[in-house]
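Contents: one structure, followed by commentary.
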Amino acid sequence: MRAVWAAAIVVASIFLASAQGVGRRVIDGFVAPSTAAFTRSTMDLAASVEALCDKPGDETLSASRTAFASALDDWGRVSVLRFGPLAADGRFEKLFFWPDARGIGLKQVQGLLAANQPGEISAGMAGKSAALQGFPALEFTLYGAGSEKLAMDEPWRCSVASAIASNIAAIAATVAREWDAGTPFAASFREPGEGKEPYRTEAEVHGEIVKALTTALQFVRSAELVPPLGEAPEKANGKRAPMWRSRLTVPLIAAQLDGVRQLLAAAGYEQSLPEDSRYVASSIRFELDNAIRTLAQVDGPVELTFGTEPDRGRFVFAELALHHASEVVTRDLSAALGLTMGFDALDGD
């Protein structure tokens, strides 16, 4: 994905003086703890799948699935940082190849599992298609058709799962490392200045944060909620939702929205915006809180919930709340920060 991102930025000097250090607040309050948690949980995931391969059984398979759910939860929060280290080298797509309307990922992972040729993964997954490298591919390996055989010794399938899990952990560690304080990217985000790249002004950092908030909200709505909802209940298809096999669709979306909420909180806009504009950040948080609270009430198999009441109504409510939150970010938060922004974060151009 290449985002079209054109911004003409004007920020009043009095506001800049009161809002210095937003990058520092975001790194210390959100980036550092969330990338560290993601690194830990993906390392645990890789170790858990390796243990499953060494000692197949119901207990080790269950442990691997639990570790998968934990790592996916941390991914949901980190995924809001869809710029810088996570955007470099196609890492977002490698970790989460979605949307996949043509089922490319499913076809590729099924083909790899059917091949049963150890040489295919002897060098790891880093050189493979992005569709084979991340959470969707690993979910099918651990939860898809035939996955129950992992508990009864299925060495090839387990080797594929282990290779994917190790690849996810390696990417997570790289993202965390590139956000370290000593890197040029993190240094410019933390303290932008003339001659630094890619952020030379505080306004550019604000612009990146607003873009990240909007992109995350658009992604959840357009790629994860709208397709399975369909235009009417009879056209709903829960199998168009991410992570439906593992029944982790709602936890993933909730974690993504919590990541948006945490990024917004770390930026400190409810405290640092001009007093007559602080309601803007509060309004965004209000919509996120409502969406997360409503999604927590969804109860039922993902294949059915998008088309069956009352769960369909809950998904619709959450989608509308996110639509409103996205509008408030793009229109009102940008204006409160003195930004003039024009972009469609997910248009693929």
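May I ask you to list the residues in segment 73-91 that are crowded, with 20+ Cβ neighbours inside 10 Å and over 20 Å from I253 (Cα atoms)?
Listed by number, the residues that qualify are G84, P85.
Quick one: in segment 64-79, which of the residues that are farther than 12 Å from I168 by Cα and of a type in the set (A, V, I, L, M, F, W, C) is farthest from the chain's Cα centre (by Cα)?
Looking at residues that are farther than 12 Å from I168 by Cα and of a type in the set (A, V, I, L, M, F, W, C), I get A67.
Having 3 or more residues that are closer than 28 Å to L150 by Cβ and of a type outside the set (S, T, N, Q) is the bar; report the helices (runs of 4 or more DSSP H) wholly within segment 14-92 that clear it.
Working: elements: 22-26, 32-54, 58-78.
Answer list for segment 14-92: 32-54, 58-78.
Conditions (1) within 15 Å of the chain's Cα centre (by Cα); (2) modelled with pLDDT under 95, marked per residue:
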{"site": "V11", "(1), (2)": "no, yes"}
{"site": "S34", "(1), (2)": "yes, no"}
{"site": "D54", "(1), (2)": "no, no"}
{"site": "S62", "(1), (2)": "no, no"}
{"site": "L81", "(1), (2)": "yes, no"}
{"site": "K94", "(1), (2)": "yes, no"}
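Is it fair to say G207 is closer than 23 Å to P192 by Cβ and part of a helix (DSSP H, G or I)?
Yes: the conditions hold for G207.
Please list, ordered by first then second residue, the pairs with beta carbon atoms under 8 Å, 6 or more apart or interchain, first in segment 309-325 and touching a residue at least 60 places away in the same chain (Cβ under 8 Å), second assigned to a loop (DSSP other than H, G, I, E, B).
Here the result reads R312/A236; R312/F306; F315/V298; F315/F306, each pair linking segment 309-325 to a residue that is assigned to a loop (DSSP other than H, G, I, E, B).
Going through segment 326-346 one residue at a time, which ones are more than 16 Å from L273 (Cα to Cα), surrounded by 18 or more Cβ atoms within 10 Å (Cβ to Cβ) and at pLDDT 95 or above?
Correct list: S326 only.
For segment 167-189, state whether one or more residues are more than 30 Å from V22 (Cα to Cα) and within 20 Å of the chain's Cα centre (by Cα).
Checking segment 167-189: at least one residue is more than 30 Å from V22 (Cα to Cα) and within 20 Å of the chain's Cα centre (by Cα).
The values are calculated or read from the model by the stated rules, or taken from the named source; none is laboratory data. Remember, it's a predicted structure, so these values are computed and weren't measured experimentally. For neighbour counting, all protein chains shown are included, and Cβ atoms are generated from backbone atoms with ideal geometry for every residue, glycine included.
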